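The values are calculated or read from the model by the stated rules, or taken from the named source; none is laboratory data. It should be emphasised that the depicted structure is a prediction, and the values quoted were computed from it without experimental measurement. Neighbour counts are summed over all protein chains in view; Cβ atoms, including those assigned to glycine, are modelled from backbone coordinates with ideal geometry. Just so you know, the surface numbers come from the protein's heavy atoms only, side chains and all, with ligands and any DNA or RNA stripped out. Shrake-Rupley method; radii C 1.70, N 1.55, O 1.52, S 1.80 Å.
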Amino acid sequence: MKVLGVDIGGSSLKGAPVDTKTGQLLAERHRIETPSRLSPAEMGAAIARMAAHFDWKGPVGVGFPGVVQGPFVRTSANLHPDFVNLDAAAVFEHAVGAEVSLVNDADAAGLAEATFGAGRGVKGAVLLLTFGTGVGSALFVDGILYPNTEFGHLKKNGESWEKLVSGAAKERRGLGYEAWAADVGEYLRELEALVWPDLIIAGGGISADHAKWFPHLKIRSKIVPAEFLNEAGLVGAALHAARAL
Ligand code: BGC
């Protein structure tokens, strides 16, 4: 099946048509910057522009950075508050004029990695974390996803951990890799105590620089970078759509 995969991020949308049998992109990834917070209708229009860029008429899979239940978005920590409890799939379908399926962005990235990437064939508990605008999480047991884990919102001194350890937090706090990795290590040790992962997969743009920060983590689990790097989200959104639609 061929599906247009779209990954909604904090500052841009990324999209490409994906062959869901192989996980390969069928065209070069396209990026649409979203410097201001888009309302749901504006986001629908941006997804429609993405589809128009590829002259796409088929199904669309969208990864959204919040809790997703069926067509509904339930939380929106870093995007417009009007998404909360909205049937976003219906809004996007109206804008695009095609079937749209929705999935949490980190769950999408996890699906891509569990199916074709660093988690392929791995037994036991696999935890994928994305370090971008926020911190996303996806938990798999023997390849099966437990949806909507929100481990970026575990608390440290009353604040979400993502405020300390996301990629954006590293920039905002002006930290080098070693100092940032000290906090990431503490965060991962908390997660290890909760879910005892057999493997941790690190995604998000910053995973490309893994050699600079993995060595400073001081954790028990094996950790590897996401093989799809920054494309995991859009590939997984397409995979989810192929299963759901
Ligand atoms: C959201 C998650 C999302 C993560 C990464 C968090 O703020 O609550 O649902 O996966 O950011 O985008």
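Laid out as a table, the results:
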| read-out | value |
| --- | --- |
| Radius 14 Å from Cβ of D209, net charge of other residues (Lys, Arg +1; Asp, Glu -1) | 0 |
| Efficiency of FRET between T22 and I144 - r from beta-carbon atoms, R0 22 angstrom, step 0.05 | 0.55 |
| Per residue accessible area of the stretch 121-226, 1.4 Å probe, in Å² | 47 |
| Dipole-positive endmost among P147, P215, N157 within the stretch 121-226 (Cβ charges, Cα centre) | P215 |
| Among beta bridges that DSSP assigns inside the chain, antiparallel share in %, nearest 5 | 60 |
| Cβ charges +1 (Lys, Arg) and -1 (Asp, Glu), total dipole of the stretch 139-245, debye | 180 |
| Pairs from K57/K212; K163/K212; K123/K212 whose Cα-Cα separation, in the structure shown, is over 31 Å | K57/K212 |
| Chain lengthening between F72 and R29 when straightened (0.36 nm per residue, less Cα-Cα) | 12.8 nm |
| Value at 222 nm in deg cm²/dmol, rounded to 500, when DSSP H runs of n ≥ 4 in the chain each add -39,500 (n - 2.57) | -9500 deg cm²/dmol |
| Euclidean distance of C-alpha centroids, the stretch 166-245 and the stretch 1-49, integer Å | 22 |
| Paramagnetic label zone (point 7 Å from Cα along Cα-to-C-beta, A90; backbone N under 19 Å) in the stretch 31-46 | 39-45 |
| Positive-end extreme of charge dipole, the chain - chosen from G23, V68, A242 (charges on Cβ) | G23 |
| Full-stretch length increase - D55, D198 - with 0.36 nm per residue and alpha-carbon distance subtracted | 47.3 nm |
| Cα centre as origin, Lys/Arg/Asp/Glu Cβ charges: the stretch 137-181 dipole, Debye | 240 |
| Estimated FRET transfer efficiency (S12, E186; beta-carbon r; R0 25 Å; 0.05) | 0.25 |
| Order by protection proxy (mean Cβ within 10 Å, highest first), peptides 225-235, 180-190 | 225-235, 180-190 |
| Solvent-accessible area, 1.4 Å probe, carbon plus sulfur percent, for the chain | 52 |
| Ranked by how many other beta carbons lie within 10 Å on average, peptides 79-86, 210-217 from highest | 79-86, 210-217 |
| Dipole magnitude (debye, nearest 20) for the chain, charges at Cβ of Lys, Arg, Asp, Glu | 300 |
| E178 versus K218: modelled label distance in nm, points set 7 Å from Cα along the beta carbon direction | 1.3 |
| Gain upon complete extension [A208, K155; 0.36 nm per residue less C-alpha separation] | 16.4 nm |
| Listed residues V126, L199, L188: farthest to the positive end of the dipole of the stretch 121-226 (Cβ charges) | L188 |
